[in-house]
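Engineer: For reference, the structure I am asking about is given below.
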Amino acid sequence: MNGVTPATASRAIWWICLAAILVLALNVARRAPQIGELLMAGDGDDLTRLQQVRDWLAGQSWFDTTQYRILPPEGVSIHWSRYVDLGIAAFLVPASWFLSQTGAEHFAIILWPTFLGCLAVLVIGFANNRLLGPAAAVGALVTFLTWGKLGGEFAAGRIDHHNVQILCATVVFYLSVLPGRRGRLGVMAGAMTALCLVVGLEMLPFLAVLWGMMVLRHAFAEDGIDRWLIGFCAAFAITAPLLLAGQTPMSGWWIRYCDVMAPPLL
């Protein structure tokens with residue numbers, strides 16, 4: 001259409017996304033030399049997350065997220081998701097084979113949020129291109145790159161879990177509006193919703209709005225939404241308990257925390 005072939009359109013969106021990723025990379029390169037100072041002057045949650053990863057890699061149980069340096073000797077349960085620790089460790093451990101411990105940690109805390117930011121660029125770019133075309137993809141990416149939260153949650157050194165939640169919720173949103181096989185989209189949305197909520201419950205209000213939107217679309221008999229909802233509910237019902245059991249010991253399933261997935265909420 002309009003002389004633009006699918007191959008040309010595909011190349012265009014790749015170039016658009018690569019340009020956005022280059023902007024992210026330049027911002028990272030600007031901050032990287034000061035990463036140690038930025039981390040120490042930044043959010044205490046990032047420092048605590050790094051210590052939690054250190055303790056796990058040093059031998060603390062996967063299911064034990066107690067921070068024993070706080071109120072020793074009993075310590076305080078941090079109850080943060082181990083899946084985020086796993087993502088950070090996926091960068092830190094290989095880097096430690098070639099760098100000092102400090103160098104490997106700096107590498108990980110720079111690359112982990114940058115990796116998540118690049119994934120967000122690809123999701124936003126390709127989804128908007130699919131929905132409305134390349135111009136919409138450019139507009140959406142410009143909005144993302146100038147969004148204040150980008151510098152706050154996806155900046156080098158930001159290893160708290162909020163960037164993971166933002167990425168997961170963004171994926172769920174696009175899976176709810178993209179055309180295609182509704183059942184398969186619903187399954188992917190259900191699994192991603194489970195991951196988002198197991199990481200933390202902060203995105204629950206946003207996700208509840210999405211669920212309400214899908215229920216209304218079904219109530220007004222939009223084609224295929226029934227298959228989306230069936231796929232979503234089935235995937236969530238299977239994935240959420242598995243992810244919960246994968247990071248939380250049974251002894252902690254009934255402990256009430258304000259921001260943690262637990263059986264009563266399920």
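Read the figures in this text as sums done on the coordinates, not as results from a lab. Predicted model only: the values in this text are computed from it and were never measured. As a convention, Cβ positions derive from the backbone with ideal geometry for all residues, glycine included, and neighbour counts pool all protein chains shown.
Engineer: Given the C-alpha centroids of the range 133-162 and the range 180-248, what is the distance between them in whole angstrom?
Structural biologist: 24
Engineer: Report, please, the projected area of the range 161-266 averaged over directions, based on the convex hull of its C-alpha atoms, in nm².
Structural biologist: Dividing the Cα hull surface by four gives the mean projection, 6.3 nm².
Engineer: Could you order the peptides 221-229, 122-130 from most to least packed, using the average number of other C-beta atoms within 10 Å per residue? Walk me through the numbers on the way to the answer.
Structural biologist: Working: 221-229: 15.8, 122-130: 20.2.
Descending mean neighbour count gives 122-130, 221-229.
Engineer: Let me ask something else about it. Amide H of Thr66 versus every other amide H placed in the peptide plane: which residues, excluding those fewer than 5 positions away on the same chain, fall under 5 Å?
Structural biologist: Here the answer is Ile78, since their amide H atoms fall under 5 Å of that of Thr66.
Engineer: Let a ≥ b ≥ c be the square roots of the eigenvalues of the Cα gyration tensor of the chain; is it rounded (a/c under 1.5), or, if not, prolate (a/b larger than b/c) or oblate? List each step's numbers first, then the result.
Structural biologist: Working: a/c = 2.43, a/b = 1.23, b/c = 1.97.
Oblate, since a/c reaches 1.5 and b/c is not below a/b.
Engineer: Still on this structure, I have one more. Given the -39500 (n - 2.57) contribution per DSSP H run of 4+ residues, what per-residue ellipticity at 222 nm results for the chain, rounded to the nearest 500 deg cm²/dmol? Show your work: numbers first, answer last.
Structural biologist: On the way: 11 runs with 185 residues, N = 266.
Calculated at 222 nm, the ellipticity per residue is -23500 deg cm²/dmol.
Engineer: Next up: Projecting each Cα onto the charge dipole of the chain (Lys/Arg +1, Asp/Glu -1 at the beta carbon, about the Cα centre), which of Ser61, Val215, Leu39 comes out farthest on the positive side?
Structural biologist: Of the candidates, Val215 comes out farthest on the positive side.
Engineer: Give me a comma-separated list of calculated 3J(HN,Hα) values for the range 67-77, in order, Karplus coefficients 6.51, -1.76, 1.60 applied at θ = phi - 60°, integers in Hz, x for any Gly or Pro.
Structural biologist: Once θ is set to phi - 60°, the couplings for the range 67-77 become 9, 6, 7, 9, 6, x, x, 5, x, 10, 6 Hz.
Engineer: Looking at the chain, do any whole DSSP H helices span at least 27 angstrom along their long axis by alpha carbon and average -0.5 or above on Kyte-Doolittle, and which? Let's see the in-between values first.
Structural biologist: Numbers: long enough: 6-31 (38 Å, 1.17); 101-132 (46 Å, 1.12); 225-247 (32 Å, 1.32).
Flagged H segments are 6-31, 101-132, 225-247.
Engineer: Write down Rg/Rh for the range 1-103, rounded to two decimals, with Rg from the C-alpha atoms and Rh from the Kirkwood relation over Cα pairs.
Structural biologist: Numbers: Rg = 20.2 Å, Rh = 17.1 Å.
Computed over Cα atoms, the ratio is 1.18.
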